[in-house]
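Chemist: Sharing a structure, written as structure tokens. Questions coming.
Every number here is computed from the coordinates shown, using simple stated rules; none is lab data. Quick caveat: nothing in here was measured; it's all calculated off a predicted structure. Cβ: placed from backbone, ideal geometry, glycine included. Neighbour counts: every protein chain shown.
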Amino acid sequence: MEQKILIIDDEKEILDIIEIIIESEFSFEILRADSGRTGIEILKENSVSLIISDYSMDSGTGGEIFLFNKDHENVPFIMVSGGFLEDYKELEDFRKTNPLNTYIQKPMDEDFFIESIRKSMNDEADLLSTSEFRRLKIDHVLTFLKTNKDIYIKLSGEKYLKIVHAGELFEKNQLIKYQEKGEDYVYFKKPDFESFVKEVLSKLNKSILGSINLSDTVTLGAIGYEFVHSSLRDMGLTNDHVDFVNSLVEKSVSSLMENKEVEILLQSFFHEKGYLVSHTMTAIYISFLICQKVEYTNETSVEKLVFAAIVHDLGISDSSLSQIIDRDSKEFEALSGRDKKDVLNHMFTSVKLLENFKSIPNDVENIILEHHENTSGTGFPRNIAANRISPLSAIFILSLRVSHFLYFNKLSTSGQMFKKDLEENCNKGNFKKPLAALLSCLEKALKSS
């Protein structure tokens, strides 16, 4: 008897993709739900071995499903979200409730997702054959396949019969006939399967980007972003502050989207919901908190920092490279030559995107160019020290460092050490005043943690 797995998401395409990935590796009976409430009803009537759920859904969140599961069967649970686990109060005992529970932060890596299923199933998942073939439901092939490939049916054991040849004129009726004969699955060789999955993801991304307008873009990435890090609340950020900052984000995005090239980059950027957007939005909020306490700043200063934050990493070709802060770090040293060059020069590419904008405030380009400099003069690209870095750039640099820290660490466990590092290394030149403002916010948060 096949183990049952429940997958829950309010987007059909996401459910399809999750199902495709799971069925390529495991022998599960997959149950699907398009909302938290529907998921709970399914759990009332079925015993499942694993639950995989999105967090943010209109009709019942992933948190509600977790609490229901916790009070009943408490089966392994994989939660998928763009936020931080600690920001969801109902998930505070998520890992303690069941040691096999796994939290995955978007964007989701396919290999990590598969490994998480194995881990959550305690390596007892029913794996499919390790042959060169991967199975796909005929329904999914009919829905998503656009480029013809070799398609097989399974006869017995490891015997397969090719029913569609790559390069032939592909008619869907060919597969429908096999479906009518009782075949649920067809098979692809592994390279063709991987190509198929890429096509599916590409289709999904294009459909999302093609339908996004300005308000949708900002809602996805900023105003409607799934979380405001709890530590920012402890640092003094209020709902009124969030509303004000988000209004500046919307205004800035509106101006930037006048350019088609930048519009495409922004749509992709705000849809990502991974490190890049989290890092940027958190840095904007921290910049605002600092500006509140520094006498030489005003609303225009915050607006400049918002523009700089949104654009500063748009010039980087691989979003994962945005996690590189210093060129003397082991992460930088591990990069290929091409990626190192990309990291060292992306600020120039980002600034170039602003060439034709007359509405961008003065100083924004300089903030972008200086965001990888540091107080000791060992940053890049210009190796300038604290007294030559502009005051607004100093605010932004400090904000980016705190944002990076909060993404990977907890203030409650590592905050004092981080604060001490800032005090020892950043209390110089034009960093002194914004650092004092930042430290007072951090001290407030540390007392609350």
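Chemist: Can you give me the relative contact order of region 3-120 as a percent, contacts being Cα pairs under 8 Å and 6 or more apart? Provide the component values of the computation, followed by the final result.
Modeler: Details: 186 pairs, mean separation 27.4, N = 118.
The normalised contact order for region 3-120 reaches 23 percent.
Chemist: Taking Cα centroids, how far is region 416-441 from region 284-358 in Å?
Modeler: Each part's Cα centre sits 20 Å from the other's.
Chemist: Roughly what angle does helix 411-426 make with the longest principal axis of the chain, taking Cα atoms, 0 to 90 degrees, to the nearest 10?
Modeler: 40 degrees
Chemist: Going Cα to Cα from residue 352, which aspartates and glutamates come in below 16 Å? Please leave out same-chain ones fewer than 8 positions away.
Modeler: 258, 261, 263, 313, 342, 363, 365, 370
Chemist: Next question, about the same structure. Between residue 158 and residue 97, what is the FRET efficiency for a Förster distance of 35 Å, r being their Cβ-Cβ separation, to the nearest 0.05? Walk me through the numbers before you get to the answer.
Modeler: Values: r = 41 Å, r/R0 = 1.17.
After rounding, the FRET efficiency stands at 0.30.
Chemist: Angle, helix 190-211 long axis vs. longest principal axis of the chain, Cα atoms, 0 to 90°, nearest 10?
Modeler: 50 degrees
Chemist: Each residue of region 17-22 in turn: what ³J(HN,Hα) in whole Hz from Karplus with 6.51, -1.76, 1.60 and θ = phi - 60°, glycine and Pro shown as x?
Modeler: With the stated coefficients, region 17-22 comes to 5, 4, 5, 4, 5, 5 Hz.
Chemist: Here's a follow-up. What list of ³J(HN,Hα) values in whole Hz, one per residue of region 230-245 in order, does the Karplus curve 6.51 cos²θ - 1.76 cosθ + 1.60 (θ = phi - 60°) give from phi, with Gly and Pro shown as x?
Modeler: In residue order, the calculated couplings are 4, 5, 5, 4, 5, 7, x, 6, 9, 4, 5, 4, 4, 4, 5, 4 Hz.
Chemist: Mean separation of Cα pairs under 8 Å and 6+ residues apart, divided by the residue count of the chain: what relative contact order is that in percent?
Modeler: Numbers: 629 pairs, mean separation 49.8, N = 449.
Computed over the chain, the figure is 11 percent.
Chemist: A further question follows. So for region 213-448, averaging the separation of alpha carbon pairs under 8 Å that are six or more residues apart and normalising by length, what relative contact order in percent results? Let's see the in-between values first.
Modeler: Numbers: 292 pairs, mean separation 54.4, N = 236.
With pairs under 8 Å counted, the relative contact order is 23 percent.
Chemist: What size of dipole, in debye to the nearest 20, comes out for region 3-120 about its Cα centre when the only charges are +1 on Lys and Arg C-beta atoms and -1 on Asp and Glu C-beta atoms? Working shown, then result.
Modeler: On the way: 12 positive and 26 negative charges, 96 e Å.
The calculated dipole for region 3-120 is roughly 460 debye.
Chemist: On to the next question. For a quick protection proxy, order the peptides 357-364, 386-393 by their average other-Cβ count within 10 Å, most packed first.
Modeler: Details: 357-364: 15.1, 386-393: 19.5.
Top of the packing list down: 386-393, 357-364.
Chemist: Give the average over all directions of the projected area of the C-alpha convex hull of the chain, one decimal, in nm². Provide the component values of the computation, followed by the final result.
Modeler: Working: hull surface 95.9 nm².
Projected over every direction and averaged, the Cα hull of the chain covers 24.0 nm².
Chemist: Enumerate the aspartates and glutamates that residue 341 could reach by cross-link, defined here as Cα to Cα under 13 Å, with residues fewer than 8 away along the same chain left out.
Modeler: 318, 333
Chemist: Please tell me which of these pairs span more than 30 angstrom C-alpha to C-alpha: 89/119; 12/358; 44/137; 12/190; 190/260; 260/428? Spell out each step's value before the answer.
Modeler: Numbers: 89/119 24 Å; 12/358 42 Å; 44/137 27 Å; 12/190 25 Å; 190/260 38 Å; 260/428 41 Å.
Table pairs above 30 Å Cα-Cα are 12/358; 190/260; 260/428.
Chemist: How many percent of DSSP beta bridges within the chain run antiparallel, rounded to 5?
Modeler: Working: 12 of 30 bridges.
In the chain, approximately 40 percent of DSSP beta bridges are antiparallel ones.
Chemist: Between the helical axis of 432-448 and the dominant principal axis of the chain, each derived from Cα atoms, what acute angle in degrees is found, rounded to the nearest 10?
Modeler: 50 degrees
Chemist: Classify region 213-448 from the C-alpha gyration tensor, please: rounded if a/c falls under 1.5, else prolate or oblate depending on whether a/b exceeds b/c.
Modeler: On the way: a/c = 1.37, a/b = 1.12, b/c = 1.22.
Here region 213-448 falls in the rounded category.
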